[in-house]
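Heads up, the thing below is written out as structure tokens.
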Amino acid sequence: MKKAMIFAAGLGTRLRPLTNDKPKALVEIQGQTLLEININKLAEAGIEEIVVNVHHFADKVIDFLASKKWNTQITISDERDELLETGGGLKKAAQHFQDDFLVYNVDIISNINIEKLFDYHEKNDALATLAVRKRATSRYLLFDENHILHAWIDTKNQVVKQRRMSDSDLYFGAFSGIHVISPRIFPLMKHQGKFSIIDTYLDLAKTEKIQAYLHNEDSWLDVGKPENLEKAVSLL
């Protein structure tokens, strides 16, 4: 049974004032919420259960999910008491995942092939497989020629976190907010409470295989920014 988690708990600060009275997950593109768009995408890809975490306007998300019939099972991971960020939110939902599973940010619109991503992950027996692209940003993950994670860099603030040393050149990959993870990761997560999953990946990159999945040919858009909502219309 293939499962996924959609990160939908965020405050949506980049989308204000649209998120002043509703969560980012319920912002609409052509009459469809971001949450609905991505639930349907994952269901079409064969995902049979989706865990949705909630915090900001949590009741509105829960009511919306209950108001529709979905082609997949929906489970809520409740973070109303504290927003746990990506790492903490994932750790809180650990009980739901016994096999490799997908994680997908609610503010991402992409035609990435989920089945191919799963196949690639399983073929490489990675602890986690991160979808990455060559695109302009200020923060990058650095991978070697075998697509193994070595480091992270913030080019704007000139901060580098290197976890593996390499004699080969490393390439820069911008994380797409889409990843497949083995449940083997849960006992290895040392952070508690609120933390980023990227911090966990960097910690584990010293000894574990954190793999890149390049998907430069796919369409991809971060619609967490107001200027990109209109651009997303052409991708749907």
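The values are calculated or read from the model by the stated rules, or taken from the named source; none is laboratory data. These figures come from a predicted structure and were not determined experimentally. For neighbour counting, all protein chains shown are included, and Cβ atoms are generated from backbone atoms with ideal geometry for every residue, glycine included. SASA here: full protein model, heavy atoms, side chains in, ligands and nucleic acids out. Shrake-Rupley method; radii C 1.70, N 1.55, O 1.52, S 1.80 Å.
Estimated from the Cβ-Cβ distance and a Förster radius of 30 angstrom, the FRET efficiency linking Lys134 and Lys206 is about 0.75.
Find which of Asn124, Val27, Ala45 sits farthest along the positive direction of the dipole of the chain, computed with +1 on the beta-carbon of Lys and Arg, -1 on that of Asp and Glu, about the Cα centre. Ranked along the dipole, the leading option is Val27.
DSSP loop (so not H, G, I, E, B), at most 13 other Cβ within 10 Å: list which GluC sites (Glu not before Pro) in the range 60-89 pass both filters. Filter output for the range 60-89: Glu82. Ranked by the mean number of other Cβ atoms within 10 Å of their residues, highest first, the peptides 11-21, 114-124, 38-48 fall in the order 38-48, 114-124, 11-21. Surface composition of the range 64-216: carbon and sulfur make up 44 percent of the accessible area, probe 1.4 Å. Evaluated with a Cβ-only charge set (Lys, Arg +1; Asp, Glu -1), the range 85-236 carries a dipole of roughly 520 debye about its Cα centre, given to the nearest 20. Placing unit charges on each Cβ (+1 for Lys and Arg, -1 for Asp and Glu) gives the chain a dipole about its Cα centre, and among Pro17, Ile76, Ser234 the Cα reaching farthest toward its positive end belongs to Pro17. Can you list the residues of the range 1-42 with backbone N under 19 Å from a point 7 Å past the Cα of Asp218, pointing along Cα to Cβ? The answer is 2-8, 34-42, whose backbone nitrogens lie closer than 19 Å to the label point.
For the range 135-236, what does the relative contact order come out to in percent, with C-alpha contacts under 8 Å and a separation of six or more? It comes to 26 percent, rounded to a whole number. Net charge dipole, the range 175-215: roughly 80 debye, given to the nearest 20, about the Cα centre with Cβ charges of +1 for Lys and Arg and -1 for Asp and Glu. Basic side chains Lys and Arg get +1 at the Cβ, acidic Asp and Glu get -1 at the Cβ, and with that the dipole of the range 26-127 about its Cα centre reaches some 180 debye.
Based on the Kirkwood approach, the hydrodynamic radius assigned to the range 9-96 is 13.5 Å, with every pair of different Cα atoms included. With 29 Å as the limit, the listed pairs Lys68/Lys134; Lys116/Lys194; Lys24/Lys134 have Lys68/Lys134; Lys116/Lys194 beyond it between alpha carbons. Each of Thr137, Gly173, Ser196 was placed along the dipole of the range 131-206 (beta-carbon charges, centred on the mean Cα), and the one lying farthest toward the positive end is Ser196.
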